[in-house]
1. Please count how many residues of segment A:3-45 are open to solvent by 90 Å² or more (accessible area, probe 1.4 Å) and hydrophobic (A, V, I, L, M, F, W, C).
2. If I ask for residues that are open to solvent by 60 Å² or more (accessible area, probe 1.4 Å), in contact (Cβ under 8 Å) with a residue 12 or more places away in the chain and either aliphatic (A, V, I, L, M) or in a strand (DSSP E or B) (or both), which ones from segment B:53-67 would you list?
3. Given the criteria more than 8 Å from every other protein chain (Cβ to nearest Cβ), farther than 16 Å from A:Pro8 by Cα and of a type in the set (Lys, Arg), does A:Lys78 qualify?
4. Going through A:Ser87, A:Ser95, A:Ser73 one at a time, which residue ends up being surrounded by 15 or more Cβ atoms within 10 Å (Cβ to Cβ) and within 9 Å of chain B (Cβ to nearest Cβ)?
5. When you look at B:Gln33, is it of a type in the set (S, T, N, Q), closer than 21 Å to A:Thr103 by Cα and under 11 Å from the mean Cα position of the chain (by Cα), yes or no?
6. Write out, first by first residue and then by second, each pair whose Cβ atoms fall under 6 Å of each other, whose residues are 6+ apart or on separate chains, and whose first residue, in segment B:34-52, is in contact (Cβ under 8 Å) with a residue 40 or more places away in the chain while the second is assigned to a loop (DSSP other than H, G, I, E, B) and crowded, with 21+ Cβ neighbours inside 10 Å.
7. Tell me the residue from A:Lys78, A:Lys57 that is open to solvent by 50 Å² or more (accessible area, probe 1.4 Å) and in contact with a Phe, Trp or Tyr (Cβ under 6 Å, 6 or more places away or on another chain), please.
8. Output the number of the condition that A:Leu60 fails; it satisfies all remaining conditions of (1) within 13 Å of the chain's Cα centre (by Cα); (2) within 11 Å of chain B (Cβ to nearest Cβ).
Amino acid sequence: GAGVSQSPRYKVAKRGQDVALRCDPISGHVSLFWYQQALGQGPEFLTYFQNEAQLDKSGLPSDRFFAERPEGSVSTLKIQRTQQEDSAVYLCASSLEVRSGNTIYFGEGSWLTVV
Amino acid sequence: GQQVMQIPQYQHVQEGEDFTTYCNSSTTLSNIQWYKQRPGGHPVFLIQLVKSGEVKKQKRLTFQFGEAKKNSSLHITATQTTDVGTYFCAGLLSGGYQKVTFGTGTKLQVIP
């Protein structure tokens, strides 16, 4: 497709369960971002990839969160032993180039609810 | 760390009235972007401002970037019900890659 694609769109996980969220960025986009958006809040930065390299993971809230982009295209955000506070929308975004100022395109998000 | 605040948090206006949201950063920005997020949707890029004092217009929307590159505003003239949503500014720091820090957002409700 033409846009950033995320799956699953909706996920209900039991507390303690592991989840994996997938992001298919726009083809050819070098930069890929993951954001977490809690209800009524703005998106919070989690991590950034330039191709397959994870250059910034300063926003990951704990060591239960792990992201990868092994071939520089599709990315997966994994959350281990989910907790209720992990409930949020997880947004993936991509942009064409690394340098500042390029348009960032967001996917529709993966809505995670931990019960 | 960098913080980006927006005011007001919520705004209800009568259709046809004007609306303004203000964005303030604790640090000087390389550039600033504005996004609109409809209820249940994802952020959609609106515009980017780069130069100090820059003003850009998109139909009824006017965007300004402050002289010190630490603040910005979005003004909507004669609001319509289609303007409903949350408006986020997002600041980019100088250098390095494009790490975007989102503001707290202003939720706009337009009463028909």
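The values are calculated or read from the model by the stated rules, or taken from the named source; none is laboratory data. In this text the structure is predicted, and so the values were computed from the model without any measurement. Here the Cβ is made from the backbone with ideal geometry for all residues, glycine too, and neighbour counts use every protein chain on show. Heavy atoms of the whole protein, side chains included, go into the accessibility calculation; ligands, DNA and RNA do not. Shrake-Rupley method; radii C 1.70, N 1.55, O 1.52, S 1.80 Å.
1. 2
2. Matches in segment B:53-67: B:Gln58, B:Gln64.
3. Numbers: more than 8 Å from every other protein chain (Cβ to nearest Cβ): yes; farther than 16 Å from A:Pro8 by Cα: no; of a type in the set (Lys, Arg): yes.
So A:Lys78 fails the test.
4. Values: A:Ser87 fails: within 9 Å of chain B (Cβ to nearest Cβ); A:Ser73 fails: within 9 Å of chain B (Cβ to nearest Cβ).
Of A:Ser87, A:Ser95, A:Ser73, the one residue that is surrounded by 15 or more Cβ atoms within 10 Å (Cβ to Cβ) and within 9 Å of chain B (Cβ to nearest Cβ) is A:Ser95.
5. The answer is yes for B:Gln33.
6. Once the first residue is in contact (Cβ under 8 Å) with a residue 40 or more places away in the chain and sits in segment B:34-52, its partners that are assigned to a loop (DSSP other than H, G, I, E, B) and crowded, with 21+ Cβ neighbours inside 10 Å give B:Tyr35/B:Pro43; B:Gln37/B:Pro43.
7. The match here is A:Lys78.
8. (2)
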